[in-house]
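The values are calculated or read from the model by the stated rules, or taken from the named source; none is laboratory data. Model, not experiment: these values are computed from the prediction. Note that we place each Cβ from the backbone using ideal geometry, even for glycine, and neighbour counts take in every protein chain shown. Side chains included, ligands, DNA and RNA excluded: accessible areas come from the protein's heavy atoms. Shrake-Rupley method; radii C 1.70, N 1.55, O 1.52, S 1.80 Å.
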Amino acid sequence: SIGQLSYHLRQLTKMRWYNQGIGGETSRQTRARFYRDAVGVNSNPIDGRGSIATLPSKPYIIPIITGINDVFSGYTTNEVIENLRWMAATANEYGIKCVVLNLPGDEIISQTQARNIEIVNKFLNEGGLDPYNAVVVDYNKWWKDPTYNSLNVATSLIVDDIHPSKVGYDSLAN
């Protein structure tokens, strides 16, 4: 639907994009259901939704947007990095292109959380997923771009201090 990255990518590419994201999930939870919901193979992550693959076929590209909820929940950066590494390696193993958006900022954030975002993003931006042929999109740079707003984030692009608005998704997809 409008306001989801999958919608805006479909408008740009004329390809079908499936949004398998679940708001509030951590990378641990995303990883648990990755085979079933991202790779498209039967696997039971024991989440009450069964083991049947949720995609009609193996995807060509898997965009991954996860990790920020880990930071806010106090999980270690090592766990976030390991989960992202595993997802990229799994996609690569199945011959699927992997695109990872690094972690955005937030209007209200502690110094520890900001430092943890920096640690994960440094790993991603310095090629930590290169061995798996993953592409990293610098979502954090877009999110903090001062050309949008002197307060780091354009209010017309962000709806709740962290998630893009319809206009924001258009901007990010481009």
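Modelled with pLDDT of 90 or more, in a loop (DSSP other than H, G, I, E, B) and crowded, with 18+ Cβ neighbours inside 10 Å, is that true of Thr30? So Thr30 does not fit the description; no.
Would you call Asn92 open to solvent by 70 Å² or more (accessible area, probe 1.4 Å) and either within 13 Å of the chain's Cα centre (by Cα) or among the polar types (S, T, N, Q) (or both)? Criteria not met by Asn92. Can you name the residue in the range 60-89 that is in a helix (DSSP H, G or I) and polar (S, T, N, Q) and is also most open to solvent (accessible area, probe 1.4 Å) among such residues? The qualifying residue most open to solvent (accessible area, probe 1.4 Å) is Asn78.
What are the residues in the range 22-49 that are under 19 Å from Gly67 (Cβ atoms), basic (Lys, Arg) and without any contact (Cβ under 8 Å) to a residue 40 or more places away in the chain, if any? Result: Arg33, single match.
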